[in-house]
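So the structure is just underneath, and the comments pick up after that.
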Amino acid sequence: MIKLSERVGAISGSPTLKLVQIKNQLQAKGLKIFDFGAGEPDFPTPEHIKNAGITAIQKNFTKYTSTSGIVDLKKAIRENYLKEQGFAPEDTEIIVSPGSKFGMFLLLQAAVDPGEEVILPLPYWVSYPEIAKFGNARIVHADHISGAELFELTADSYIARYSPLTKVVVVNSPSNPTGKIMNAAELAKLVRFFYQKSVLTVIDDCYRKIMYSTEPYPSPFALVPEARDCLAVVSSLSKTYSMTGWRLGYTIAPQSLCAAMTKIQEHSTSNASSITQKAAVAALNGPEDEIIAMVSEYRQRRDTIARRFDKIGNIRYRLPDGAFYFFADFGHFIRKKGKRNDQEFAMDILEKLNVIVVPGSAFGAPNYLRISFATAMADIEAGLDLLEKYLLTP
Ligand code: PLP
């Protein structure tokens, strides 16, 4: 038996991707599954984006590209950020990767030495701690659970965790799993503080266009322009354009960091798929009406779930402002059902109801469940009927 590296021994598999496997196995047995576990949109990729991919293949755009991304995609990213956020990154400040998960991986490997600290949100997206551990970083959490206002993304929650070892701060807004957005005043305060400490602030904005509030999404670069050398944005086309399988993410970062990330990408995955990059240009330059329609559908689903939770009672939650997840405290029902923890509770729900939910401990928050509404309204209603009956049965 080959002895595995200590590095890989320190990390765990993705609990959310494991659920995808379980779902596939159950569906293969012919069972009807109500999937509140999904971390991806249930809509197809819009037609004009698919056609751009097909055209790329037909025109033989099927070879290696420049590692950090093709020029017309970088142009589309620049124009998008200029239009929506008032700043225009140079080509040398953009790296396109096969998914933003890999973008985050590259960034933390390129920026953080073993023993240096990374401040992550709590609750967190499942991959942040594992990526940080892979680089032997020390993990510190900005607590968004115990504060006076549940899940509120405040600057102080991060500032309180600053130490001379802090190297990177990760803000995920809108957040997976809570759907909360950091408002402009808090973001400006956070970026300004960490800029003065020469700490890199990374904003994961991959749900940026899936928002339910009318406030514009705050731009860190426009709020604190002088901090540009200490700012990075990790972003993705996966969620907004329903392109999870195409694998396309990008990072906007200071030039030297971008070059370092490109070096790692050059010797690992090389460029993101050439075909996907052409489809991404069509996505970013194309019409947004389908995105608007998707967001409007998500909103209706969100409001339906909130109404149903209120009817059931004893479920503590905050209405998500973005993304497509509820993160709700089911502690009352975990105790009522005599379960030892959220994992046992989620498994009971799966076994008894064929309903998939994600245990909160995957996000660092025991007693919570993440309920995704990237699932059809009819399934939401039917799945909640089952859940309601289960929860309210003594
Ligand atoms: N960041 C957050 C907060 C996410 O929820 C996800 C996916 O679930 C990602 C990044 C990664 O997305 P992708 O690698 O598909 O771009």
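Condition check: farther than 22 Å from GLY322 by Cβ, assigned to a loop (DSSP other than H, G, I, E, B) and among the hydroxyl-bearing types (Ser, Thr, Tyr). Does SER198 satisfy that? Taking the combined requirement at face value, the residue satisfies it. Reported count of residues in segment 146-177, each being within 29 Å of GLY9 (Cα to Cα) and of a type outside the set (Phe, Trp, Tyr), is 14.
Taking MET182, is it open to solvent by 20 Å² or more (accessible area, probe 1.4 Å) and over 18 Å from THR251 (Cβ atoms)?
Values: open to solvent by 20 Å² or more (accessible area, probe 1.4 Å): no; over 18 Å from THR251 (Cβ atoms): yes.
No.
In segment 55-72, what residues are open to solvent by less than 70 Å² (accessible area, probe 1.4 Å) and not in a loop (DSSP other than H, G, I, E, B)? Across segment 55-72, the qualifying residues are THR55, ALA56, ASP72.
Scanning for something of a type in the set (Gly, Ala, Ser) and open to solvent by 50 Å² or more (accessible area, probe 1.4 Å), does segment 197-207 turn up at least one residue?
yes
In the set MET261, MET182, which member is within 16 Å of the ligand (Cβ to nearest atom), of a type outside the set (Lys, Arg) and part of a loop (DSSP other than H, G, I, E, B)?
After ruling out the rest, the residue left standing is MET182.
Set side by side, the residues TYR212, TYR162, TYR158 differ, and just one is open to solvent by less than 10 Å² (accessible area, probe 1.4 Å) and at pLDDT 95 or above, which is TYR158. Comparison of PRO174, PRO218 shows that the only residue that is open to solvent by less than 10 Å² (accessible area, probe 1.4 Å) and either at pLDDT below 95 or not hydroxyl-bearing (Ser, Thr, Tyr) (or both) is PRO174. Selection of first residues in segment 225-240 that are assigned by TED's automatic domain parsing to the domain that holds TYR212 and under 17 Å from GLY86 (Cα atoms) and of second residues that are open to solvent by 30 Å² or more (accessible area, probe 1.4 Å) and more than 8 Å from the ligand (Cβ to nearest atom), restricted to Cβ pairs under 6 Å at least 6 apart or on distinct chains, gives the following pairs, ordered by first then second residue: ALA227/TYR195.
The residue of segment 307-324 that is farthest from PRO177 (Cα to Cα), among those that are among the hydrophobic types (A, V, I, L, M, F, W, C) and open to solvent by 10 Å² or more (accessible area, probe 1.4 Å), is ILE312. Is there a residue being among the charged types (D, E, K, R), within 16 Å of the ligand (Cβ to nearest atom) and loosely packed, with under 15 Cβ neighbours inside 10 Å anywhere in segment 18-36? Within segment 18-36, one or more residues are among the charged types (D, E, K, R), within 16 Å of the ligand (Cβ to nearest atom) and loosely packed, with under 15 Cβ neighbours inside 10 Å. May I ask you to verify whether LYS189 is within 21 Å of the chain's Cα centre (by Cα) and of a type in the set (D, E, K, R)? No; evaluated as a whole, the condition is false for this residue. When PRO254 is tested against (1) of a type outside the set (Asp, Glu); (2) over 30 Å from GLY135 (Cβ atoms); (3) at pLDDT 95 or above, exactly one condition is not met: (2).
Being open to solvent by less than 50 Å² (accessible area, probe 1.4 Å) and outside any loop (DSSP other than H, G, I, E, B) is a property that LEU153 lacks.
Which ones in segment 250-276 are aliphatic (A, V, I, L, M), over 14 Å from VAL233 (Cβ atoms) and crowded, with 19+ Cβ neighbours inside 10 Å? Steps first, answer last, please.
So the first thing to find is which residues in segment 250-276 are aliphatic (A, V, I, L, M), and the list is 252-253, 257, 259-261, 264, 272, 275.
Those left that are additionally over 14 Å from VAL233 (Cβ atoms): 259-260, 264, 272, 275.
Matches in segment 250-276: ALA272 only.
For segment 121-133, indicate whether the set of residues that are more than 13 Å from the ligand (Cβ to nearest atom), in a helix (DSSP H, G or I) and either open to solvent by 10 Å² or more (accessible area, probe 1.4 Å) or not assigned by TED's automatic domain parsing to the domain that holds GLY360 (or both) is non-empty.
Narrowing segment 121-133 to residues more than 13 Å from the ligand (Cβ to nearest atom): 122, 132-133.
Right, trim to in a helix (DSSP H, G or I) and you get 132-133.
Those left that are additionally either open to solvent by 10 Å² or more (accessible area, probe 1.4 Å) or not assigned by TED's automatic domain parsing to the domain that holds GLY360 (or both): 132-133.
Taking every residue of segment 121-133 in turn, at least one turns out to be more than 13 Å from the ligand (Cβ to nearest atom), in a helix (DSSP H, G or I) and either open to solvent by 10 Å² or more (accessible area, probe 1.4 Å) or not assigned by TED's automatic domain parsing to the domain that holds GLY360 (or both).
Any chance segment 243-263 includes a residue that's under 14 Å from the mean Cα position of the chain (by Cα) and small (Gly, Ala, Ser)? Yes, there is a match, as at least one residue in segment 243-263 is under 14 Å from the mean Cα position of the chain (by Cα) and small (Gly, Ala, Ser).
Among the residues making up segment 139-197, those that are over 21 Å from ALA111 (Cβ atoms) and of a type in the set (Lys, Arg) are LYS180, LYS189.
Residues checked against (1) without any contact (Cβ under 8 Å) to a residue 60 or more places away in the chain; (2) assigned to a loop (DSSP other than H, G, I, E, B):
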| site | (1), (2) |
| --- | --- |
| LYS18 | yes, no |
| GLN27 | yes, no |
| ASP42 | no, yes |
| HIS48 | no, no |
| GLY53 | no, no |
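Entry remark, segment 369-387: residues being touching a residue at least 12 places away in the same chain (Cβ under 8 Å), in a helix (DSSP H, G or I) and of a type outside the set (D, E, K, R) number 7 in total. Here GLU79 passes the criteria (1) under 16 Å from SER238 (Cα atoms); (2) out of contact with any Cys (no Cβ under 8 Å at 6 or more places or on another chain) except the one numbered (1).
The values are calculated or read from the model by the stated rules, or taken from the named source; none is laboratory data. In this text the structure is predicted, and so the values were computed from the model without any measurement. For neighbour counting, all protein chains shown are included, and Cβ atoms are generated from backbone atoms with ideal geometry for every residue, glycine included. With ligands, DNA and RNA removed, areas are computed over all heavy atoms of the protein, side chains included. Shrake-Rupley method; radii C 1.70, N 1.55, O 1.52, S 1.80 Å.
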